[in-house]
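Encoded as structure tokens, the structure appears first; notes follow it.
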Amino acid sequence: MTQDMPARMLRLLSLLQTRREWSGAELATRLGVTGRTVRRDIDRLRELATRLGVTGRTVRRDIDRLRELGYPVEGTTGHAGGYRLAAGTDLPPLLLDDEEAIAVAVALRTATSGVTGIEDTALRALTKLEQVFPTRLRHRVAALQAVTVPLAPGGGPRADPAALATLAAACRDHEIVTFDHRAKHATDATARRVEPHALVAAGSRWYLVAYDLGKDAWRTFRVDRLSAPAPTGHRVPARELPGGDPAAHVAATIAAAPARYTARATVPEPAETVRARTGALPDRLHALDAHTTTVDLSADDPLHIAAQLLTLGPTATLHGPSELAPHIEELGRQLLRAARALSAADDKQPDG
């Protein structure tokens with residue numbers, strides 16, 4: 001069924017905004033028309049026009065109208081020719097369906113604390129978005145926000161949003177990037193050239209999973225420790241990540257990272273129970289049997305080992321170097337003082 005010109009333009013624009021580049025055949029498929037009725041020997045542009053129910057001249061005129069409205073639509077030629085929405089000097093309006101608009105609004109309201117300056121920027125963007133929401137969407141977003149409470153942002157270094165944007169685009173386009181990276185405890189940064197694979201958010205930290213061309217190996221980089229990421233313009237075929245799961249890869253990397261202090265705790269509970277209660281990384285849990293689990297603990301600060309022990313519960317048994325003992329005792333005394341202070345305050349309360 002032929003669409004009228006405004007509806008057709010909006011649908012075409014919506015598709016162009018979701019991906020970097022489309023072929024004519026892909027656009028036609030997304031418009032819900034099967035290829036059974038389209039002859040294979042028709043070139044890509046005529047195929048697009050046929051599936052839209054208009055002539056090729058009309059498609060080109062629609063593209064010209066989008067350009068006049070400020071959308072920098074580029075055309076590519078050849079057998080795989082098509083159209084793509086390129087970067088322009090101004091940001092044109094975005095076309096979002098209901099679910100996309102809700103997803104963006106909720107994401108902005110609960111913006112991650114791991115990105116420098118993101119809270120104020122997200123609030124400004126959310127204000128602009130909510131001003132143009134139809135009533136039905138405004139009510140749905142308000143309901144979601146009423147029951148969604150983000151945790152207060154923590155301390156520590158944060159990722160640069162510009163760096164995240166550059167790396168995300170490189171991951172999407174399989175484009176080699178270069179940057180300077182400063183390793184843990186290092187004073188000087190080293191130049192890296194990598195094939196980026198994925199970005200992973202873990203707590204308040206962002207990690208880049210990439211294949212390091214200089215090391216000829218997969219590496220995980222904390223984004224707040226790299227600077228000046230720059231795309232090279234060189235695109236490569238996607239490389240397969242061992243295991244296929246970037247999040248699991250990062251978790252395993254963190255678990256295996258060297259630390260000044262290490263210990264192991266034995267907990268008389270199933271591994272899944274321990275993980276659910278403590279949020280421990282999977283690679284640090286080892287099921288001895290159906291009812292007993294060991295947990296690897298590590299930290300540069302011995303008090304962090306003691307704090308991790310507390311999350312395992314009173315039945316946990318710790319095995320590790322004796323130098324951890326005074327730090328655990330200090331935490332125990334601190335907790336005892338806090339308990340006594342609470343008891344003393346309760347004794348001073350007047351009887352009701």
For this session: Could you check D296 against (1) outside any helix (DSSP H, G or I); (2) modelled with pLDDT under 90; (3) closer than 30 Å to P161 by Cα; (4) charged (D, E, K, R) and say which number it fails?
Result: (3)
Seminar exercise, completed: Only one of A228, A191, A198 is part of a strand (DSSP E or B) and within 13 Å of A163 (Cβ to Cβ), namely A228
Exercise. From the residues in segment 221-251 that are surrounded by 18 or more Cβ atoms within 10 Å (Cβ to Cβ) and in contact with a helix residue (DSSP H, G or I) (Cβ under 8 Å, 6 or more places away or on another chain), which one is farthest from D301 (Cα to Cα)?
Worked result: P229
For this session: Would you please name the residue that is farthest from the chain's Cα centre (by Cα), looking only at residues in segment 263-293 that are closer than 19 Å to A202 by Cβ and loosely packed, with under 13 Cβ neighbours inside 10 Å?
Result: A276
Seminar exercise, completed: For I328, the lone unmet condition from (1) surrounded by 15 or more Cβ atoms within 10 Å (Cβ to Cβ); (2) closer than 29 Å to A248 by Cβ is (2)
For this session: May I ask you to list pairs of residues, at least six apart or on different chains, whose Cβ atoms are under 6 Å apart, with the first in segment 327-345 being without any contact (Cβ under 8 Å) to a residue 60 or more places away in the chain and the second being surrounded by 10 or more Cβ atoms within 10 Å (Cβ to Cβ) and part of a helix (DSSP H, G or I)?
Result: H327/P302; H327/L303; H327/A306; I328/A306; L331/A306
Exercise. Of all residues in segment 164-188 being charged (D, E, K, R) and outside any strand (DSSP E or B), which is farthest from A248 (Cα to Cα)?
Worked result: D188
Exercise. Checking V209 against (1) in contact (Cβ under 8 Å) with a residue 60 or more places away in the chain; (2) of a type outside the set (G, A, S); (3) farther than 17 Å from A162 by Cβ; (4) surrounded by 14 or more Cβ atoms within 10 Å (Cβ to Cβ), which test does it fail?
Worked result: (1)
For this session: Would you check if A247 is part of a helix (DSSP H, G or I), under 17 Å from the mean Cα position of the chain (by Cα) and not charged (D, E, K, R)?
Result: yes
Exercise. Over 19 Å from A252 (Cβ atoms) and in contact with a Phe, Trp or Tyr (Cβ under 6 Å, 6 or more places away or on another chain): does that describe L226?
Worked result: yes
Problem set entry | Where D296 falls short, out of the listed (1) free of Cβ contacts under 8 Å to residues at least 12 places away in the same chain; (2) surrounded by 15 or more Cβ atoms within 10 Å (Cβ to Cβ) | (1)
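The values are calculated or read from the model by the stated rules, or taken from the named source; none is laboratory data. This is a predicted model, so every value here is computed, not measured. Note that each Cβ is placed from the backbone with ideal geometry, even for glycine, and that neighbours are counted across all protein chains shown.
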